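Working notes, beginning with the structure itself.
The values are calculated or read from the model by the stated rules, or taken from the named source; none is laboratory data. All figures in this text were calculated on a predicted structure; none of them were measured in a lab. When we count neighbours, we look across all protein chains shown, and the Cβ atoms used for this are built from the backbone with ideal geometry, even at glycine. Side chains are part of the model used for accessible areas, which takes the heavy atoms of the whole protein and leaves out ligands, DNA and RNA. Shrake-Rupley method; radii C 1.70, N 1.55, O 1.52, S 1.80 Å.
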Amino acid sequence: MCTRFLWSSEGEPGAGLVLVGRSMDWFEDTATVLAARPRGATRESAPGDPASFSWTSEYGSVVALMYGRIAVDGINEAGLQVSGLYLAESDYGEREAERPGLALHQAIQCLLDRFDSVAPAVAWLEESRVQIIPLEIGGKPGTGHISLADAGGDSAIVEFLEGRASIHHGPEFTVMANSPAYDEQLELLRRYTGLGGDAPLPGGTDSPDRFARAAYYSAHLPFTSSPREAVAEVFSVIRNASAPFGTVDAARPNISTTRWRVVADLTSLGYFYESTRSPNLVWVTLAELDLSPGPELVFDPSADIAIGGEVSASFVPRATESPTAG
């Protein structure tokens with residue numbers, strides 16, 4: 001469930017335009033809204049936990065809120081992009097009281113609020129020994145891993161295995177999907193033609209298949225200096241790595257339908273969103289939003305399929321605040 005890849009439009013990490021494409025696969029409609037979250041907001045990492053901590057957002061961001069409240073993807077005004085994807089193998093460990101606690105639903109926002117690039121975010125994850133506190137999402141276990149990318153082309157894949165963070169950090173780690181754990185995923189990748197082996201490129205919806213297609217096709221995208229073409233090229237790959245309606249199978253509980261896709265332009269600071277249940281594409285230009293301290297603003301992409309294009313002016317103050325909205 002879900003695929004992500006990072007691409008630099010002129011071939012070398014950080015060269016030209018730097019973009020991230022990701023899909024969100026889930027067993028039911030996610031009721032996702034987009035939110036513009038300003039600088040200066042104070043949040044708490046894990047209310048009720050004895051090692052909860054608080055911070056004030058240094059950077060404004062645009063995020064995709066699953067069920068209208070859980071940040072699962074986003075980009076901040078410094079060009080840091082963070083995604084949360086499902087990983088059945090995640091193991092956050094028994095709660096260790098001496099470690100700072102970070103609720104899963106706050107993890108993406110915490111990183112977007114506090115860091116301008118991948119390296120300091122990774123350093124904090126390693127040095128703080130922060131422990132993720134899981135929750136159920138839509139009645140399903142909220143077991144996930146995190147990817148980070150920045151405008152310089154740096155990348156990190158962060159898994160939580162046996163209670164500890166396992167981090168692959170470097171511009172070479174461009175692709176992420178779901179199971180198995182990342183080291184094994186990289187081994188599986190090498191079996192395919194064009195990626196180190198001679199097996200045909202797979203066409204299925206299992207995680208290793210989607211991982212392989214995203215890796216292969218993103219490596220073969222034409223170079224471009226056009227922001228418009230770059231976004232279109234990234235969408236073409238992430239659509240290819242999606243799971244169409246009708247793929248849900250009780251025998252494969254970790255395979256779900258793609259509900260939406262986003263492309264984040266980390267260079268031009270644009271955030272593009274498309275729902276698989278609607279024909280329209282909408283996007284936000286962060287420069288068009290007022291991210292100075294103030295109320296959170298939201299936009300519901302499903303409210304009107306007649307709305308398309310740049311929608312920054314359509315964001316409105318949130319009517320009511322969910323207790324876990326963060």
>> Can you tell me which of (1) open to solvent by less than 20 Å² (accessible area, probe 1.4 Å); (2) in a loop (DSSP other than H, G, I, E, B); (3) closer than 21 Å to TRP260 by Cα is the one SER90 doesn't meet?
In response: (3)
> Is at least one residue of region 210-229 assigned to a loop (DSSP other than H, G, I, E, B), open to solvent by 20 Å² or more (accessible area, probe 1.4 Å) and among the polar types (S, T, N, Q)?
Replying inline: yes
> From the list ALA119, ALA123, ALA199, which one is hydrophobic (A, V, I, L, M, F, W, C), closer than 30 Å to LEU221 by Cα, surrounded by fewer than 17 Cβ atoms within 10 Å (Cβ to Cβ) and free of Cβ contacts under 8 Å to residues at least 24 places away in the same chain?
Replying inline: ALA199
>> I need the strands (runs of 3 or more DSSP E) fully contained in region 29-87, keeping only those with at least 1 residues that are open to solvent by 10 Å² or more (accessible area, probe 1.4 Å), in contact with a helix residue (DSSP H, G or I) (Cβ under 8 Å, 6 or more places away or on another chain) and at negative phi.
In response: 42-44, 54-56, 70-76, 81-86
> Does VAL62 fit the bill of being of a type in the set (Val, Ile, Thr), in contact (Cβ under 8 Å) with a residue 12 or more places away in the chain and over 18 Å from VAL158 (Cβ atoms)?
Replying inline: yes
>> Every residue in region 170-185 that is modelled with pLDDT of 95 or more and over 15 Å from SER83 (Cβ atoms), please.
In response: GLY170, PRO171, GLU172
> So which pairs qualify, if the first residue must be in region 81-102 and farther than 17 Å from TYR182 by Cα, the second must be aromatic (Phe, Trp, Tyr), the Cβ gap must be under 7 Å, and the two must be at least 6 apart or on different chains?
Replying inline: PRO100/PHE53
>> Can you pull out every residue in region 265-314 that is charged (D, E, K, R) and either open to solvent by less than 30 Å² (accessible area, probe 1.4 Å) or more than 22 Å from SER57 (Cβ to Cβ) (or both)?
In response: ASP265, GLU274, ARG277, GLU296, ASP300, ASP304, GLU310
>> Taking the criterion of being more than 19 Å from VAL20 (Cα to Cα), out of contact with any helix residue (DSSP H, G or I) (no Cβ under 6 Å at 6 or more places or on another chain) and either β-branched (Val, Ile, Thr) or part of a strand (DSSP E or B) (or both), would at least one residue in region 235-243 satisfy it?
In response: no
> Name the pairs whose Cβ atoms lie under 7 Å apart, with the first residue in region 8-19 and touching a residue at least 12 places away in the same chain (Cβ under 8 Å) and in a loop (DSSP other than H, G, I, E, B), the second open to solvent by less than 20 Å² (accessible area, probe 1.4 Å) and among the polar types (S, T, N, Q), and 6 or more positions between them or separate chains?
Replying inline: SER9/THR224; GLY14/SER8; ALA15/SER8; GLY16/SER8; GLY16/SER9; LEU17/SER9
>> So, THR247, is that one surrounded by 24 or more Cβ atoms within 10 Å (Cβ to Cβ) and modelled with pLDDT under 95 or not?
In response: no
> Are any of the residues in region 15-27 open to solvent by less than 10 Å² (accessible area, probe 1.4 Å) and small (Gly, Ala, Ser)?
Replying inline: yes
